[in-house]
Amino acid sequence: MSTEFRWGILGTGWIAEMFVTDLRATGIEVTAVGSRSQQSADAFGSRFDIASRHASYEALVADPEVDAVYVATPHPMHAANALLAIAAGKHVLVEKPFTLNAAEAAEVAEAARRAGVVVIEAMWTRFLPSMVRIRDIIAAGTLGEVRTLIADHDQLLPSDPEHRINNPALGGGALLDLGVYPVSFAVDLFGAPVAVTAKGDKTATGVDRQVALILEHDGGATSVLHTALDTQGANTATIVGTEGRIEIDSVWYEQTSFTVYAGKGSEVVERYDETVVSRGMQFQAWELERVVAEGRGESELLPLDESVAVMAVLDEARRQVGVVYPGE
Ligand SMILES: NC(=O)c1ccc[n+]([C@@H]2O[C@H](COP(=O)([O-])OP(=O)(O)OC[C@H]3O[C@@H](n4cnc5c(N)ncnc54)[C@H](OP(=O)(O)O)[C@@H]3O)[C@@H](O)[C@H]2O)c1
């Protein structure tokens, strides 16, 4: 891709470090970083050799040397930060979950369309080479009619009540941080569900600790999903069709390998072993650059309406489990 496209990083936390590490390793240009403090902007800037270091998000989005802003703040800030960048005429890659809820997601999508800028949710899994290959296999009909997705995303995360994963004020809970991956995968495969059933429980801080979900899709397909923030899950996924299945190895939502079984005896018809070295966060940046360069407006791999649909599923699951965030 072009090395002339310039990225600005909004927020200097953990995932911003992962993203910039992959961008730097693949020759993508990062010209600026913005933080709530000059000290953090300077520390991040010197660590990654980024020339412009801004002491506010407002100054970052106003930087004329920035073409696209990557929003890497906690979920409750995503909508406001994305809207700030859109208002400044920037393209935006917004960390997952796209926003805190579907109402915010719809507002960001509408603002992006009105401003004519490209906005994509940084659901990086969608853009990985393994997922591109999986979509091709399904489209080729190897699995027959695809009927079921079974997937989990369970991690043992810090138990500190102040940590953003446990803190309602920072959008804590398993669903928005982890469950968003299998829900997004289900929506990718089968479209928005027609019915959502969720059972779960909460942490002492009042966010969802674990949730089991069943999504029913048009045409009879079903997604069986699980997420938890305090267990060490298999983190595997299986896509099941009438003629075969794909078993995606742990960790399914990262760069990984998978096996395709098909035919009467469930023979192995393809084994995919990932060869790309890195976390794989550059693929979503390349996708945004491509969409801008080709004037397509939106990513076909992750259209805005799908990000809104994913948030609507998470809203409904939270409603059934009884998780409400401050200000909602
Ligand atoms: N794609 C992935 O694999 C992946 C993995 C982890 C997280 N994420 C997503 O990335 C987002 C950030 O997660 P993270 O783990 O990087 O969080 P983090 O380490 O806590 O960093 C968040 C950053 O946001 C900024 N920020 C703005 N307002 C804040 C507030 N009120 N409290 C705390 N920080 C605030 C801070 O940067 P400044 O101080 O510089 O302003 C902070 O460093 C989340 O939405 C999460 O879902 C994605």
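The values are calculated or read from the model by the stated rules, or taken from the named source; none is laboratory data. Since we're looking at a predicted model, the values are computed, not measured. All Cβ positions, even for glycine, are placed from backbone atoms using ideal geometry, and neighbour counts span all protein chains on display. For the accessible areas, the whole protein counts, side chains as well, though only heavy atoms, and no ligand, DNA or RNA atoms are used. Shrake-Rupley method; radii C 1.70, N 1.55, O 1.52, S 1.80 Å.
Points to keep in mind about this one:
- Test: residue in the range 83-99 that is over 22 Å from LEU170 (Cβ atoms), within 13 Å of the ligand (Cβ to nearest atom) and open to solvent by 20 Å² or more (accessible area, probe 1.4 Å): no
- Restricted to the range 19-43, and to residues there that are within 7 Å of the ligand (Cβ to nearest atom) and open to solvent by less than 50 Å² (accessible area, probe 1.4 Å), the residue that is nearest to VAL71 (Cα to Cα) is SER35.
- Any hit, the range 148-161, residues being open to solvent by 20 Å² or more (accessible area, probe 1.4 Å), part of a helix (DSSP H, G or I) and in contact with a helix residue (DSSP H, G or I) (Cβ under 9 Å, 6 or more places away or on another chain): no
- Some residue of the range 313-321 being closer than 30 Å to ARG6 by Cβ and open to solvent by less than 30 Å² (accessible area, probe 1.4 Å): no
- Considering the range 1-18, the residues that are of a type outside the set (Gly, Ala, Ser) and away from the ligand (no atom under 15 Å from the Cβ) include one that is least open to solvent (accessible area, probe 1.4 Å), namely TRP7.
- Selection from the range 178-207 of residues that are farther than 16 Å from VAL310 by Cβ and either surrounded by fewer than 23 Cβ atoms within 10 Å (Cβ to Cβ) or among the acidic types (Asp, Glu) (or both): THR197, LYS199, ASP201, LYS202, THR203, ALA204, THR205, GLY206
- Where a residue in the range 16-28 is more than 18 Å from ALA41 (Cα to Cα) and at pLDDT 95 or above and its partner, wherever it lies, is among the aromatic types (Phe, Trp, Tyr) and open to solvent by less than 50 Å² (accessible area, probe 1.4 Å), with Cβ under 9 Å and at least six apart: ASP22/PHE283; ILE28/PHE5; ILE28/TRP7
The rows are residues; the columns are (1) on the phi < 0 side of the Ramachandran plot; (2) at pLDDT 95 or above; (3) buried (at least 19 other Cβ atoms within 10 Å of the Cβ); (4) not acidic (Asp, Glu).
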{"residue": "GLY219", "(1), (2), (3), (4)": "no, no, no, yes"}
{"residue": "THR222", "(1), (2), (3), (4)": "yes, yes, no, yes"}
{"residue": "ARG245", "(1), (2), (3), (4)": "yes, yes, yes, yes"}
{"residue": "TRP252", "(1), (2), (3), (4)": "yes, yes, yes, yes"}
{"residue": "VAL260", "(1), (2), (3), (4)": "yes, yes, yes, yes"}
{"residue": "GLU270", "(1), (2), (3), (4)": "yes, yes, no, no"}
{"residue": "GLU289", "(1), (2), (3), (4)": "yes, yes, yes, no"}
{"residue": "GLU294", "(1), (2), (3), (4)": "yes, yes, no, no"}
{"residue": "MET311", "(1), (2), (3), (4)": "yes, yes, yes, yes"}
